[in-house]
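Okay, structure first, notes after.
Just so you know, all these numbers are worked out from the coordinates, no wet-lab data involved. Computed from a predicted model, the values in this text were never measured in an experiment. Cβ: placed from backbone, ideal geometry, glycine included. Neighbour counts: every protein chain shown.
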Amino acid sequence: MTTVNKENSASDSYELIGISKDELIGISTQLAKKLASNIEDNGYVVASTRYDHYKKHWLRDSSFIAISLMLYVGYIDNDKEALDKALSILSFNMSVIEKSMNRIIDAVDTPLENKDFFKLAIPARVDRNASLAQVDADELNKLHSWLHQYDSLPLFIISSFIAKRIADKDGIKDERLDRVISYIKDNTELFSKYLGKIYRTECSSEWEIEQDSIHAYDLLVIELSRRVLIELDGNKKDIIERSFIGVDNSNRDADTSTPIEFLKKFLLFNGKIIRRKRAFKDLDPSEGVDSGLILPLYLADLLDIDLKEIKEELDSSLREIIDNIKENLEKAGVPLPNRFKGDTYFHGGAWVLLGCYTAAYIVSNPELRDYDDLTYKIFNYVYRIWNELGELPEQIADPRINASSYDPERYLERFGQPPQDLLWSSASFLSLAIALYARDKQIRV
């Protein structure tokens, strides 16, 4: 996220996108205002205002929304409202972590053999008081709940660090950000012990399914947060690294000392990263690649973290995601990827946010210029939806491209449409717009 050259030596025409630089800035501003208007003063933001199950605050969604707003502040417009809402999200998410401290401490102290360990997750979603929503009270106490996810703390750490780097770059001073960073540094040892333990165990995926498995996505975001903790406080590097070694006999496979090594040992097949492995079962290569891998790839790029240990496997998995986008484009004119093969959620449509983050990653990496045309197809497709509706859906449900077959009339009659106003989708489109702007300005974001 280092500035390379702020002089605009590239063209302002954006000919392949078909809009001007000023129009791209205007789109970014509309998106930023859309996001900010949906964030309450205390940082609480519902994932979707019109889809009942999503009318809560998700730490995952909100972390990516905060990142996109901070990027807007750092590279498009030093807008006070965007900055205020981004930092309010980080403060709110810190409150969620603070209220979950007993769960974190208990998870560190509880042996994996104790079934209660798998009831000690940080809630994936909360209510306005930053606590577990009442409707979820019984759910989180289940042995393997869909709420039992492991990316809440890593994404809080990562999004806070990205905000700090942008603030430092622009000389932004804010007591809320200072408190968040101090809180993370003060709890580095505890957080490291927690992260160093959970990455070896099964949980629900980022898609809130398959609670019996270890997921590639989780391993990568935990690895990124491990490296961020080291960068935040290099004096504690030895403490952080020891926390991941697995010397505690409650940790499994103590011969793997980082999430990357664990992934290499258990989730690689034929040069690709298989999306999940069931605990205590052999790896099933037919599970295929999770398009959600683009999320940690995109974050690693923002963080300037080189995942060189698995570069070839990441490149191969990225090509599979891109091939999926090309296939959907050819079949139905939809340049977006499915989450994974056999996805049954709304029968596995093509996801807007996964397409936008893929395009943003391509735009930011010169070695991927061969895919520029696909990037612009993604931008224009999503822009048409945004321009028409002023919001973006979670996914595009189309029987020609869905990951599983169904009778669309019967299915839609029973479940309705997928969420049509997912705020994270708008945040991902803002991130793509900023990536395009930064490339034209020759700025490394």
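State, to one decimal in nm², a quarter of the convex hull surface area for the C-alpha atoms of region 21-440, i.e. the direction-averaged projected area.
Result: 19.0 nm².
Along the three principal axes, how long is region 172-213 when you take its alpha carbons, biggest first, rounded to the nearest angstrom?
43, 23, 10
Highest mean first, how do 25-33, 218-226 rank when packing is the count of other Cβ atoms within 10 Å averaged over residues?
With the highest mean Cβ count within 10 Å placed first, the list reads 218-226, 25-33.
Any idea what diffusion coefficient region 318-409 gets from Stokes-Einstein, in µm²/s, Kirkwood Rh on alpha carbon pairs, 4 °C, 1.567 mPa s?
Value of D from the Cα-based Kirkwood radius: 97 µm²/s.
Could you list which residues have their amide H under 5 Å from that of ASP79, counting only those 5 or more apart in sequence or on another chain, with H placed in the peptide plane?
none
Ordered by residue, what ³J(HN,Hα) values in Hz, to whole numbers, does region 121-129 give under the Karplus form 6.51 cos²θ - 1.76 cosθ + 1.60, where θ = phi - 60° and Gly and Pro are x?
The phi angles translate into 7, 6, x, 6, 9, 9, 8, 5, 8 Hz.
Percentage of Cα-Cα pair distances in region 143-253 greater than 18 Å, rounded to whole percent?
53
Would you work out if region 250-377 is rounded, prolate or oblate? Take a ≥ b ≥ c from the square roots of the eigenvalues of the alpha-carbon gyration tensor; rounded if a/c is under 1.5, else prolate when a/b is larger than b/c, oblate otherwise.
Because a/c hits 1.5 or more and a/b fails to exceed b/c, region 250-377 counts as oblate.
In whole Hz, with x marking every Gly and Pro, tabulate ³J(HN,Hα) for region 349-356 from phi via Karplus 6.51 cos²θ - 1.76 cosθ + 1.60, θ = phi - 60°.
With coefficients 6.51, -1.76 and 1.60, one gets x, 9, 9, 4, 5, 5, x, 5 Hz.
Would you please classify the overall shape of region 43-99 from the alpha carbon gyration tensor, given that a ≥ b ≥ c denote the square roots of the eigenvalues, rounded means a/c under 1.5, and beyond that prolate means a/b larger than b/c while oblate covers the rest?
oblate
Between SER316 and LYS236, what FRET efficiency follows from the Cβ-Cβ distance if R0 is 25 Å, with the result rounded to 0.05?
Rounded to the nearest 0.05, the efficiency is 0.10.
Region 47-168: D in µm²/s via Stokes-Einstein (Kirkwood Rh, Cα pairs, 25 °C, 0.890 mPa s)?
The calculation lands on 160 µm²/s.
Can you pick out the pairs among LYS33/LYS85; LYS164/LYS197; LYS55/LYS197; LYS119/LYS193; LYS55/LYS341; LYS197/LYS236 whose Cα atoms lie more than 21 Å from each other?
LYS164/LYS197; LYS55/LYS197; LYS55/LYS341
List the residues, sorted by chain then number, that are 5 or more residues from GLN395 or on another chain and whose placed amide H is less than 5 Å from its amide H.
Hits under the 5 Å cutoff: VAL352.
Work out the length of the dipole vector of region 21-440 about its Cα centre, built from +1 on the beta-carbon of each Lys and Arg and -1 on the beta-carbon of each Asp and Glu, and round it to the nearest 20 debye.
With Lys and Arg at +1 and Asp and Glu at -1, about 280 debye.
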